[in-house]
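Chemist: Below are the structure tokens for one structure; questions will follow.
The values are calculated or read from the model by the stated rules, or taken from the named source; none is laboratory data. Everything quoted here is computed from the prediction, not taken from an experiment. Counting neighbours? That spans all protein chains shown, and the Cβs are built from the backbone with ideal geometry, glycine included.
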Amino acid sequence: MRATLEHLTAAVAELTGRSAGPARPAGSGRPAALNGWRTQDWHVALLDVPLDERAYADRFQVSRRAEIEGLWRWWSERDTASPLEPRADGFLGFYLLTLVAMHCSDRMRFHGDAAPDVTLAGTTAQDLSAALVADPEVRRAIVALHDPDAPLSTRGGTPKGSRTDSGAGDPPSSATRAEWAAIDVASLEFYRHGTTSIILTGRAAAPSQGRTAAFALKCLIHPYRTIPVITAATRGYLAEHGRLDAQESSPAVRVWASHDSWILMDLIRGRTLGEHLAHLATTRPPAPAREILRTVDTDALREVGGALLSALADLEREGRRHDDLTPSNIIVETEREQEPGRFRLRFVDLGVSYLHARSIAGQVRGDGAYAAPEVRRDGVGHPRADLYSLGALLISVAGIPHSADGTVPDQFYVAAVGLARLLEDLTDADPRRRLLVTPVDPAAPTFEHVGRVFRDEVAILEQDGRERPRGRLQRLRDLSPGAGTVARQRRMLQVRSGQVRDRAGAAHLRQARWLRRWAWLCAVLLWSATALVVTWWSRDLGLSWQARWFEMADEVSGTSGIGLGFLDDVRADDYPIPDPWGNLPVRLVTLTFALVSARLYLNVFAELSTVWALPRGRAARVRAVAAEIGLRSLAVLPAVYVVLPTLVQRDWWPLGTLVGHVTFAVVVQACLWFAWDTNARARAAGLSSVPRGEIATLGRLAAWQPTVAVYLVPIVGIGTLLSLGLVHDELVYACFVSLINLGIFYPKSAGTDAPYIRAGMNRAALAAERLERLETVRLR
């Protein structure tokens, strides 16, 4: 009777006490029949295991998980009364190991789970697999099933997936046989699960190509041996990626030998990068209520991200690339983890993964999210695929969840526009547009240069400070109008000044200086205006005092007498001081307006610019310049609206309030026109950095329009009535305006909305820069 998977599952049903279902072959429920199976018979059954969980359940009327749990319960509790001989017992244990590995593969590929977190039968899949491999008979089954000289043919024909059926290559070389023969079977231990494999560790008696006696053995999960492209890649791994002449410093793990179903390589102790990042996640503060406020992990970027770029630069110097750069294919060496701030990353599984090309569009999860789109589409490597994977990895290293549409997450546009620019340049879906705005000398090593740019931007981010956890004192400071913007820009400018190495660096430095000058000007003007309002209010209350700078101004202007000299000379005749009640409306409105304006500019607009690169088209250029002028006007004009009613005519405050709100509405509209037009042009050009649907962050800015319009109605109406003398309750109106300023604009528009506005506008500004660069390249 020919051995089949149906016979095997029927025997398992008998052992575990469940019904085998309608497909049960006649007389197949005798588990003792498994004692007569040869190694080739087990090959036939194992190669036929359905890769898909649903297909397994449909075929055998039992879920794969239930089969695992039932078989594990029997296998762990079996006694001397078992109908199976030790050899069959070992092969059945390997069958269970195969089912567990397939379950872990599905959880990793489709659910994004880490292999150590997968649980089965009341324990972890890791512990269950370790217990199976610890059994001597299971170890012997592993060696028998992967022996490079073992024929896969069996009576009745050639099994699907055999060397003959799949068109496999030449017989194993003498070196491959020697490495396999040197394996100490008793030393084999389970190490970890891969997406298509199980990985074991052990020792070799006398390795001919390995540098140490310890090895890692990657064994394909048996059903994947039916896929010729996978077996061919596994068989040729040594020839393609082995590089036996590689130096000890090479980031790629040294390979000893490879065959149709296994790869033998140096053992590198340590976590995978995925496991390391999962550990880092447990040490970070809880996620904030608003996702956009999630902090970028600067320390991890500097340490892990820097080590990743160094390893890629080393790999590039060897003339190699990875093409499957994912967290599970990067090892963080344990020895280096013991030295704070020192990491060495090692690469395994170089070459394209077959599974990436089989991912369902729109459902890319797990390691597939790190594969470049062209790799997932074509199933072949690409010279710029590692750039995409690098960008995706850096996002994960920073502790930021990936966006569903593959764009750079909003948090980077809030924390550091330079880092967001680099990530956009790495993760563009079109490989031809990667490094579009990052100047790279084609004759120089790419990753070495990208590493310099990355380290520069991380240094800028470290000076920002907003990404760090906020203590009570810092949170209180964040509520101040300036929120430390000028000091932060000064620190960042100092760092940027030392980073200028090329034209792009000089342009970024000029832009930083431009923004800092306007922020400084806004702070000086509005804080001076606020001091002026407070001074005039103190005079109304009979708390007159004269600062030294007032006295100096009087001396310079030659003014003398009671009061504040030359400043009082510009006051209208019907504007008395002191007059506490009569001047209260203008004091309330101008003070609150000054505080809101300072917070609005310094907290929202001070680090925004729409002219990173001026568009070539006339209409687009006009929009960009108009938005830039509007943004910078908010640094100057609010001080004018505060100073004139305070110094000249107190009755002008309703007009100043009206003009201030209208100015603000016009600037918001100019910014939206720029952003909407830029995003539309970016989508038309196929830039993947701009989301295809509605951009929520810009929606926050758009929501300001109706809000401002609603407040303009009473401001215009009541202000006009006050000016005409038809309404006399001026103080009530002033309190209304002040409450709007302090109750809505200060905490919401200039506070909670700030990160959203910065993210939306910075994304649009960088899209404009990419469009301009794309046009420049096209015209060459």
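Chemist: Just to be sure, is ILE744 farther than 16 Å from GLN411 by Cβ and hydrophobic (A, V, I, L, M, F, W, C)?
Modeler: It is true that ILE744 is farther than 16 Å from GLN411 by Cβ and hydrophobic (A, V, I, L, M, F, W, C).
Chemist: Moving on to the next point. Is it the case, given these coordinates, that PRO576 is part of a helix (DSSP H, G or I) and within 30 Å of ASP540 (Cα to Cα)?
Modeler: no
Matching residues to (1) under 23 Å from TRP527 (Cα atoms); (2) at pLDDT below 90; (3) buried (at least 22 other Cβ atoms within 10 Å of the Cβ); (4) in the same structural domain as SER738 (by TED's automatic domain parsing):
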| site | (1), (2), (3), (4) |
| --- | --- |
| ASP568 | yes, yes, no, no |
| GLY582 | no, yes, no, yes |
| SER597 | yes, no, yes, yes |
| TYR601 | yes, no, yes, yes |
| PHE605 | yes, no, yes, yes |
| ARG618 | no, yes, no, yes |
| ALA627 | no, no, yes, yes |
| VAL636 | yes, no, no, yes |
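Chemist: Take the residues in the stretch 661-691 that are aliphatic (A, V, I, L, M), out of contact with any Gly (no Cβ under 7 Å at 6 or more places or on another chain) and more than 19 Å from ARG773 (Cα to Cα); name whichever of them is surrounded by the most Cβ atoms within 10 Å (Cβ to Cβ).
Modeler: Per the criteria, the residue is VAL668.
Chemist: A further question follows. Among the numbered criteria (1) outside any helix (DSSP H, G or I); (2) over 30 Å from ALA685 (Cβ atoms), which single criterion is violated by GLU607?
Modeler: Against the list (1) outside any helix (DSSP H, G or I); (2) over 30 Å from ALA685 (Cβ atoms), GLU607 comes up short only on (2).
Chemist: Of the residues PRO31, PRO83, PRO22, which single one is outside the structural domain of SER328 (by TED's automatic domain parsing), surrounded by 17 or more Cβ atoms within 10 Å (Cβ to Cβ), modelled with pLDDT under 90 and out of contact with any Cys (no Cβ under 7 Å at 6 or more places or on another chain)?
Modeler: None of the other options fit; the residue is PRO31.
Chemist: In addition: Sort through LEU308, LEU325 and tell me the only one that's in a helix (DSSP H, G or I), in contact with a strand residue (DSSP E or B) (Cβ under 9 Å, 6 or more places away or on another chain) and surrounded by 22 or more Cβ atoms within 10 Å (Cβ to Cβ).
Modeler: Exactly one residue qualifies, and that residue is LEU308.
Chemist: Among ALA709, ALA765, which is of a type in the set (A, V, I, L, M) and surrounded by fewer than 22 Cβ atoms within 10 Å (Cβ to Cβ)?
Modeler: ALA709
Chemist: Separate question: So if I check each of PRO223, PRO148, which one is touching a His at 6+ places or on another chain (Cβ under 6 Å) and either surrounded by 19 or more Cβ atoms within 10 Å (Cβ to Cβ) or at pLDDT 90 or above (or both)?
Modeler: Unique residue meeting the criteria: PRO148.
Chemist: Does GLY482 satisfy the condition of being modelled with pLDDT under 80, in a helix (DSSP H, G or I) and of a type outside the set (A, V, I, L, M)?
Modeler: no
Chemist: With respect to LEU644, is the statement that it is in the same structural domain as VAL666 (by TED's automatic domain parsing) and touching a residue at least 40 places away in the same chain (Cβ under 8 Å) true?
Modeler: It is false that LEU644 is in the same structural domain as VAL666 (by TED's automatic domain parsing) and touching a residue at least 40 places away in the same chain (Cβ under 8 Å).
Chemist: If you don't mind, there's one more thing I want to ask. So which residues in the stretch 506-522 are touching a residue at least 12 places away in the same chain (Cβ under 8 Å) and closer than 20 Å to LEU436 by Cα, if there are any at all?
Modeler: HIS508, LEU509, GLN511
Chemist: Can I ask one more? If a residue must be in a loop (DSSP other than H, G, I, E, B) and free of Cβ contacts under 8 Å to residues at least 40 places away in the same chain, how many such residues does the stretch 281-304 contain?
Modeler: Counting residues in the stretch 281-304 that are in a loop (DSSP other than H, G, I, E, B) and free of Cβ contacts under 8 Å to residues at least 40 places away in the same chain gives 4.
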